[in-house]
Amino acid sequence: MARTTMGMAVLLGAAALLAGCEAAKPAGPKAEDVPLSAFPERVYWGDTHLHTSNSVDAFGLGVRLGPEDALRFARGETVTATTGMQAKLARPLDFLVVSDHAEGLGATKALYDAPRLLIRDERMRRWHDMMHEGPAGSQRAMIEILAARGRNDLPEAMLNPDGAAERTKSVWNANIDAVERYNEPGRFTAFHGFEYTLMQGGNNLHRNIIFRDGEDKVRTVVPIDPTYKATPDEIWNYMEAYEKATGGRVLAIPHNSNLSNGLMFELTMPGGGPMTAAYARRRARLEPVVEITQIKGDSEAHPFLSPNDELAGYGVAGWELNNLLSNQPTQPGMRAGNYVREALKRGLLIEAQTGANPYKFGVIGSTDSHTSLATADEDNFFGKHSGNEPRAGRAMAPQNIGTRVERFGWHYLASGYAAVWARANTRAAIFDAMARREVYGTTGPRMTLRLFAGWDFTPADLKGDWVRAGYTRGVPMGGELAPHPNQKSGGELAPHPNHKPGGEPKSAKGPPRFIISALKDPQGANLDRVQVVKGWIDGAGKAQEHVYDVAWSSPETRKPVAGKLPPVGDTVDLATATYRNSIGAPALTTLWTDSDFDPATRAFYYVRVLEIPTPTWPAFDAVRYKLKLPADVRLKAQERAYSSPIWYTPA
């Protein structure tokens, strides 16, 4: 069921592409005037990872839209994409982080604008000429620049150009101005931020840096360039120094762990050696959220690591064999450090050894779009960069930046968005929700997902104000469930203080109970099922996992067979790129009890929600441009949402 399709292409000149800056907005309400609800009553949708023409790669790949265009688009306005098409979201976002790369901030634009006679380096002069050939030449130049970056072989003049510090400060301050103009507390939140592009040898260790504060504090710093750094210590030092000097707050969001070649979620310290508790606590404090899904693949789980999970491996095709720049293969032993579910299990192991868990994080989705357009809808997808904006050949266009393997345009996902349970639409409220991990991620659809854990929830709670019950008698997603009040330090449950022989209430002892509610995207597909993914450490000290189907559509006819739930069905019509909501359910709510619970065993629980099958963006392209795509192109998929976990730690 298509929601909103793209408009007809409108060819405009370069001047028109760069135009569109609005006058300063009239003063709106101040953040302190926006009322806060008693507890989070609604979910806010946003993108914490978006690049504009200020990013070295985005401009080099042809994008000419700046931060102001990005903010206007996210707020629901129509903008003209780099390739000349009119672009508009079907539904505005509630918040946005423009996270341009700190590395070489504005550098390719500066190279493009530089007088050719003053460019002495031969390669830089070649790249300058290629960028002036038009979008195709610009993209070839950027591919060469990124390949050189992956080999640690950029020209010295590009690494340390004259005036780089002044250029960075100028671009940063202009970006701050734009963000402040478009931040409207209570209506739309614009965050200050940047991307710290840690990528030694093409292994993705990038972090998006997000500030809670306004321009008074953020102007006291500038983004720092991670060129050729190998560990995140520098950015953590920067963040701690900022907080100490300003009294402000800042957090980091790691992304694309699937392309880190095992380095994002290590069991050891970077470079080897046992992980220390101090390191684990520092990482957990500064990086409370991880990006689980985005355009460059999904990082939840891999079939190699979760062979009993038949629905693992969403969006891994094209991304599982090599690192970010395709110049280093991903060996099987590296995969455990690439995926979020394994990281959560590794966190339990490290906590058992050190008392601290470095991977106690929440999860979100975001786009990582390099078009200035935060699009994650399959039928309105504007691609990764300007070369992937809508056109007939983009699905099969090679995306080869390195030397070992080709990735094609269809390997990109139209993914994802960040969902935040906050008390208001302000920087402070949304940031604080991220810090406490009350967030979830989707691959694009806007499903509403809630998760609470407690000891005494009953079916009666689902008939009343179960959200209030969840907050007052339990913990929400991202929270830590304390041991049962009657649990002894050894894990055994003591008798209930009001115990009477044969009459002890069931709530007096475990297991924990989970209230789970999932509502379909109001403009999207019905739901197939809700699953709980549990991870724990067994008696032998090994990490284990299990995926439980806890609620599903048509339960009267869909009965599990040998422990497996039959598929929901498929209504997709590829000839028209449509589907019907004649299967699935609009809402799934349940009270689930962990019947395998061991009060002496540390564990985590998160929820995965699946939609019924729907068409992917290549399927929409096939209809729109009358294409016949190869059989291996993914034309339909079950999009999903992932909640942040809830952790249980024994007394």
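The values are calculated or read from the model by the stated rules, or taken from the named source; none is laboratory data. Keep in mind that this is a model prediction, so the values were computed, not measured. Using ideal geometry, Cβ is built from the backbone for each residue, glycine included, and neighbour counts are taken over all protein chains shown.
When E378, E389 are checked against the criterion of being buried (at least 18 other Cβ atoms within 10 Å of the Cβ) and assigned by TED's automatic domain parsing to the domain that holds G137, a single residue qualifies: E378. Among the residues of the range 187-213, the ones that are more than 24 Å from S299 (Cβ to Cβ) and either modelled with pLDDT under 95 or in contact with an Asp or Glu (Cβ under 7 Å, 6 or more places away or on another chain) (or both) come to 2 in all. Applying the criterion of being among the charged types (D, E, K, R) and within 18 Å of D100 (Cβ to Cβ) to the residues of the range 368-399, the residue that is modelled with the highest pLDDT is D368. Within the range 282-304, which residues are of a type in the set (D, E, K, R) and touching a Pro at 6+ places or on another chain (Cβ under 9 Å)? Passing the criteria: R282, R283, E287, E291. Filtered by the rule that a residue be without any contact (Cβ under 8 Å) to a residue 40 or more places away in the chain and touching a Phe, Trp or Tyr at 6+ places or on another chain (Cβ under 7 Å), the range 252-285 gives a lone residue, M269. In the set (1) in contact with a Gly (Cβ under 8 Å, 6 or more places away or on another chain); (2) hydrophobic (A, V, I, L, M, F, W, C); (3) not in a loop (DSSP other than H, G, I, E, B), A284 fails one condition alone, (1). Just one of the numbered conditions (1) within 20 Å of the chain's Cα centre (by Cα); (2) not in a loop (DSSP other than H, G, I, E, B) is not true of K360: (2).
Collect the residues in the range 424-464 that are of a type in the set (D, E) and over 26 Å from R212 (Cα atoms), keeping them in residue-number order. Across the range 424-464, the qualifying residues are D456, D461. A single member of P566, P618 is closer than 29 Å to S299 by Cβ and touching a helix residue (DSSP H, G or I) at 6+ places or on another chain (Cβ under 7 Å), and it is P618.
Among the criteria (1) more than 21 Å from A284 (Cα to Cα); (2) buried (at least 21 other Cβ atoms within 10 Å of the Cβ); (3) at pLDDT below 95; (4) of a type outside the set (S, T, N, Q), the one I224 does not fulfil is (2). State whether one or more residues within the range 191-211 are in contact with a helix residue (DSSP H, G or I) (Cβ under 8 Å, 6 or more places away or on another chain), among the hydroxyl-bearing types (S, T, Y), within 24 Å of I253 (Cβ to Cβ) and buried (at least 20 other Cβ atoms within 10 Å of the Cβ). Checked against the condition, which is being in contact with a helix residue (DSSP H, G or I) (Cβ under 8 Å, 6 or more places away or on another chain), among the hydroxyl-bearing types (S, T, Y), within 24 Å of I253 (Cβ to Cβ) and buried (at least 20 other Cβ atoms within 10 Å of the Cβ), the range 191-211 yields at least one hit.
Those residues that are touching a Phe, Trp or Tyr at 6+ places or on another chain (Cβ under 9 Å) and either of a type in the set (V, I, T) or at pLDDT below 50 (or both), I need them from the range 474-503; list them, please. Once the filter is applied, which keeps residues that are touching a Phe, Trp or Tyr at 6+ places or on another chain (Cβ under 9 Å) and either of a type in the set (V, I, T) or at pLDDT below 50 (or both), the range 474-503 yields only V475. Would you confirm whether or not the range 550-560 contains a residue that is aromatic (F, W, Y), in the same structural domain as D632 (by TED's automatic domain parsing), touching a residue at least 40 places away in the same chain (Cβ under 8 Å) and surrounded by 13 or more Cβ atoms within 10 Å (Cβ to Cβ)? No: the range 550-560 contains no residue that is aromatic (F, W, Y), in the same structural domain as D632 (by TED's automatic domain parsing), touching a residue at least 40 places away in the same chain (Cβ under 8 Å) and surrounded by 13 or more Cβ atoms within 10 Å (Cβ to Cβ). Could you say whether any residue in the range 96-116 is at pLDDT 95 or above, over 20 Å from N388 (Cβ atoms) and charged (D, E, K, R)? Looking through the range 96-116, none of the residues is at pLDDT 95 or above, over 20 Å from N388 (Cβ atoms) and charged (D, E, K, R).
Restricted to the range 89-202, the set of helices (runs of 4 or more DSSP H) holding at least 2 residues that are under 30 Å from E32 (Cβ atoms) and either in contact (Cβ under 8 Å) with a residue 24 or more places away in the chain or outside the structural domain of D379 (by TED's automatic domain parsing) (or both) comprises 164-182. Is at least one residue of the range 377-397 in contact with a Phe, Trp or Tyr (Cβ under 8 Å, 6 or more places away or on another chain) and part of a strand (DSSP E or B)? No, the range 377-397 contains no residue that is in contact with a Phe, Trp or Tyr (Cβ under 8 Å, 6 or more places away or on another chain) and part of a strand (DSSP E or B). Which of the residues spanning the range 211-228 are more than 17 Å from S99 (Cα to Cα) and in contact with a Phe, Trp or Tyr (Cβ under 9 Å, 6 or more places away or on another chain)? Passing the criteria: K217, T220. The residues in the range 81-95 that are under 27 Å from S138 (Cα atoms), crowded, with 22+ Cβ neighbours inside 10 Å and modelled with pLDDT of 95 or more can be counted, and the count is 2. Considering the conditions (1) under 24 Å from N388 (Cβ atoms); (2) hydroxyl-bearing (S, T, Y); (3) crowded, with 24+ Cβ neighbours inside 10 Å, Y606 is excluded by exactly one of them, (1).
Table: residues versus (1) in the same structural domain as L96 (by TED's automatic domain parsing); (2) touching a helix residue (DSSP H, G or I) at 6+ places or on another chain (Cβ under 6 Å); (3) at pLDDT 95 or above; (4) over 30 Å from P618 (Cβ atoms).
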residue	(1), (2), (3), (4)
N425	yes, no, yes, yes
A435	yes, no, yes, yes
G454	no, yes, yes, yes
P459	no, no, yes, yes
V467	no, no, yes, yes
T472	no, no, yes, yes
